[in-house]
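Just below is one structure, and these are the notes that go with it.
The values are calculated or read from the model by the stated rules, or taken from the named source; none is laboratory data. Values in this document were obtained by computation on a predicted structure and should not be read as measured data. Using ideal geometry, Cβ is built from the backbone for each residue, glycine included, and neighbour counts are taken over all protein chains shown. Side chains are part of the model used for accessible areas, which takes the heavy atoms of the whole protein and leaves out ligands, DNA and RNA. Shrake-Rupley method; radii C 1.70, N 1.55, O 1.52, S 1.80 Å.
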Amino acid sequence: MNGLGGGPLAIADLMQKTPASDTVRILVGDSRQVLGQIAPGTVQCCVTSPPYWGLRDYDHGDQIGAEPSPEGYVSNLVAVFQGVRRVLRSNGTLWLNVGDGYARNGGTGRSGPNALVGNTKKLIQQRNCKVPNCWGLKDRDLMGLPWRIAFALQEDGWLLRSKITWIKKAPMPESVRNRPSNATEDLFLFAKKPSYYYDNQAMREESGANLRNYWILGPDFSGVPHPAVFPRELARRCILLGSQPGDVILDPFSGSGTTGVVAAQSNRGAILVELNPVYAQQSRSRINQDLQLTMIP
Ligand SMILES: C[S@@+](CC[C@H](N)C(=O)[O-])C[C@H]1O[C@@H](n2cnc3c(N)ncnc32)[C@H](O)[C@@H]1O
């Protein structure tokens with residue numbers, strides 16, 4: 001039995017220091033509700049990347065990221081991370097990767113703000129119809145969403161400990177001429193309490209120095225159709241720094257299951273929550289396949 005599945009959660013199993021490949025659980029549903037099924041203090045470390053506001057369509061009525069206003073988006077994320085804080089151990093951490101976006105007014109055509117971009121069409125159109133009426137945003141303003149989320153979480157009780165810049169080796173090309181092209185994203189480290197678990201020996205600079213707060217990471221072929229997979233190396237660093245073998249890692253926006261794959265490969269258990277059952281099924285297959293691959297010499 002490999003223990004993968006979306007059935008009722010056996011918290012007792014997850015608390016045991018059993019081999020990680022037996023403890024990856026995928027829960028299908030809205031994180032705002034599903035996290036309530038998990039016992040407090042179950043999770044050591046949460047590693048996640050929520051949908052970015054108005055960017056992609058994850059094809060579900062309850063998806064976060066499709067709110068009419070970015071203010072609603074920020075408060076929905078605060079609600080999810082309240083649920084995360086409840087299930088974290090008192091010395092646990094949250095590693096949150098999130099991207100920014102521009103406020104835009106109208107526009108149509110092949111390259112305007114309403115241009116068709118793969119499956120992102122619907123939400124890009126919604127977002128770009130009108131500059132949101134908040135925060136003094138103007139047409140073409142960078143919204144500063146990662147920091148707005150970080151400040152909202154700080155205000156809600158999280159301790160903000162670090163902002164790591166993920167420098168992308170192969171960023172998405174942008175056809176812009178009046179500003180530098182985007183090639184970075186933010187990753188925040190939050191703690192529940194001032195004294196939290198952080199293994200500074202688990203990941204060092206090549207020189208042996210303490211790890212710096214910029215990570216240069218390349219693209220990572222995952223072989224899954226999900227449109228927004230983050231690199232395994234990003235998840236691996238967070239997991240090794242923030243937990244020990246046998247601990248439980250949580251991803252409340254698990255997508256293709258990258259966090260679960262890396263947690264299991266690092267001898268940790270994992271609880272994954274994904275709203276869209278199609279992605280949940282794809283991640284189940286990916287985890288089964290990737291874990292078998294690691295067992296073949
Ligand atoms: C940016 S993707 C995560 C990708 C993931 N890090 C990976 O490597 O595959 C965000 C995911 O959150 C899911 N999602 C959106 N709203 C959700 C909600 N309310 N509860 C749980 N999952 C949600 C989406 O379906 C999407 O798969």
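Could you go through the stretch 184-199 and let me know if any residue there is within 30 Å of residue 90 (Cα to Cα) and within 13 Å of the ligand (Cβ to nearest atom). Yes: one or more hits.
Applying the set (1) under 27 Å from residue 240 (Cα atoms); (2) polar (S, T, N, Q); (3) open to solvent by 60 Å² or more (accessible area, probe 1.4 Å); (4) at pLDDT 95 or above to residue 2 leaves exactly one unmet item: (4).
Counting the residues of the stretch 126-151 that are of a type in the set (S, T, N, Q) and either modelled with pLDDT of 90 or more or surrounded by 18 or more Cβ atoms within 10 Å (Cβ to Cβ) (or both) gives 2. In the stretch 241-262, the residues that are touching a residue at least 40 places away in the same chain (Cβ under 8 Å) and open to solvent by 10 Å² or more (accessible area, probe 1.4 Å) reach residues that are hydrophobic (A, V, I, L, M, F, W, C) and more than 16 Å from the ligand (Cβ to nearest atom) with C-beta atoms within less than 8 angstrom, at least six apart or across chains, in these pairs: 245/20; 246/20. Restricted to the stretch 248-297, and to residues there that are among the small types (Gly, Ala, Ser) and in contact with an Asp or Glu (Cβ under 6 Å, 6 or more places away or on another chain), the residue that is nearest to residue 232 (Cα to Cα) is 254. The residue that is nearest to residue 87 (Cα to Cα), counting only those in the stretch 229-254 that are more than 9 Å from the ligand (Cβ to nearest atom) and part of a loop (DSSP other than H, G, I, E, B), is 247. Within the stretch 65-95, the residues that satisfy the criterion of being open to solvent by 10 Å² or more (accessible area, probe 1.4 Å) and not in a helix (DSSP H, G or I) are 66, 67, 68, 69, 89, 90, 91. Residues in the stretch 29-44 that are of a type in the set (A, V, I, L, M), more than 9 Å from the ligand (Cβ to nearest atom) and touching a strand residue (DSSP E or B) at 6+ places or on another chain (Cβ under 6 Å): 43 alone. Does residue 47 fit the bill of being in a helix (DSSP H, G or I) and at pLDDT 95 or above? Taking the combined requirement at face value, the residue does not satisfy it. Among the residues of the stretch 45-88, just one is in contact (Cβ under 8 Å) with a residue 60 or more places away in the chain, more than 9 Å from the ligand (Cβ to nearest atom) and among the basic types (Lys, Arg), namely 85. A count restricted to the stretch 255-272 and to residues that are near the ligand (Cβ under 9 Å from one of its atoms) and at positive phi stands at 2.
For residue 286, which of the numbered conditions (1) over 25 Å from residue 164 (Cβ atoms); (2) open to solvent by 10 Å² or more (accessible area, probe 1.4 Å) fails to hold? Of everything listed in (1) over 25 Å from residue 164 (Cβ atoms); (2) open to solvent by 10 Å² or more (accessible area, probe 1.4 Å), residue 286 misses just condition (2). Within the stretch 206-228, if we keep just the residues that are closer than 30 Å to residue 278 by Cβ and open to solvent by 50 Å² or more (accessible area, probe 1.4 Å), the residue that is nearest to the ligand (Cβ to nearest atom) turns out to be 220. Across the stretch 158-205, the qualifying residues are those that are under 28 Å from residue 248 (Cα atoms), assigned to a loop (DSSP other than H, G, I, E, B) and without any contact (Cβ under 8 Å) to a residue 60 or more places away in the chain, and the one among them that is least open to solvent (accessible area, probe 1.4 Å) is 203.
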